[in-house]
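One structure is given here, and the rest of the page talks about it.
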Amino acid sequence: MKDMLVQVEPLIPALRRYARALMRDRAAADDLVQDCLERAVSRWQQRRDGSVRAWLFTILHNLAITQFRQATARGRHMPIDDAGEQELASAAAQEQRLIYRDVLSKLARLPEEQRAVLLLVAVEDLSYADAAKVLGVPLGTVMSRLSRARERLQQEMDAVGPRNVVALRSLK
């Protein structure tokens, strides 16, 4: 334990500097260094021969990358007291849900072979060639079925009215 303390303690100021440069927040950097030191102490017997300094900086760096990834997935954190009305308000989603339900019902009315091609190409982003392989049909058949499916779906949507117009993208 004393050996570990002798090797790690002089490195703490450098770890804090690096953590502050990475995190750009003093409290978050101190938490990161604490997590790094906790991991180093709990895994001290697992370290390989070599530089303890490099090992600690590797732990710190990897922990920071993990935190950045989690923050990206989680989104920006904002205390509720600091949030304004714009951050808390959101547009009503009822109309979008109605359009979505309309499109699904119109899609269900398409013949199976047209619906399958449309879903593979427009929703799953498969190329025409990949869709042809999946369905076991020639490339030209995929193209013609897709064309007919888009046309029929657009006609169905136009019959409902202009408020429910959905743009269908074309992929090749």
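The values are calculated or read from the model by the stated rules, or taken from the named source; none is laboratory data. Not measured: the values here are computed from a predicted model. All Cβ positions, even for glycine, are placed from backbone atoms using ideal geometry, and neighbour counts span all protein chains on display.
Residues in segment 52-97 that are touching a residue at least 24 places away in the same chain (Cβ under 8 Å) and aliphatic (A, V, I, L, M): Val52, Leu56, Leu60, Leu63, Ala64.
So that you can scan it fast, the table gives a plain yes or no per residue for (1) within 30 Å of Gln7 (Cβ to Cβ); (2) modelled with pLDDT of 85 or more; (3) charged (D, E, K, R); (4) within 30 Å of the chain's Cα centre (by Cα):
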| site | (1), (2), (3), (4) |
| --- | --- |
| Thr66 | yes, yes, no, yes |
| Ile80 | no, no, no, yes |
| Gln114 | no, yes, no, no |
| Val123 | no, no, no, yes |
| Tyr128 | no, yes, no, yes |
| Leu135 | no, yes, no, yes |
| Thr141 | no, yes, no, no |
| Leu168 | no, no, no, yes |
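Quick check on segment 1-21: of everything there that is among the charged types (D, E, K, R) and over 39 Å from the mean Cα position of the chain (by Cα), which residue is modelled with the highest pLDDT? Of everything passing the filter in segment 1-21, Asp3 is modelled with the highest pLDDT. Applying the criterion of being surrounded by 13 or more Cβ atoms within 10 Å (Cβ to Cβ) and farther than 18 Å from Gln114 by Cα to the residues of segment 148-166, the residue that is modelled with the lowest pLDDT is Asn164. When Leu139 is tested against (1) of a type outside the set (S, T, N, Q); (2) on the phi < 0 side of the Ramachandran plot; (3) in contact (Cβ under 8 Å) with a residue 24 or more places away in the chain, only condition (3) is not met. The set of residues in segment 1-58 that are more than 27 Å from Gln70 (Cα to Cα), assigned to a helix (DSSP H, G or I) and among the polar types (S, T, N, Q) comprises Gln7, Gln45.
Quick one: would you say Arg39 is surrounded by 15 or more Cβ atoms within 10 Å (Cβ to Cβ) and in contact with an Asp or Glu (Cβ under 6 Å, 6 or more places away or on another chain)? No.
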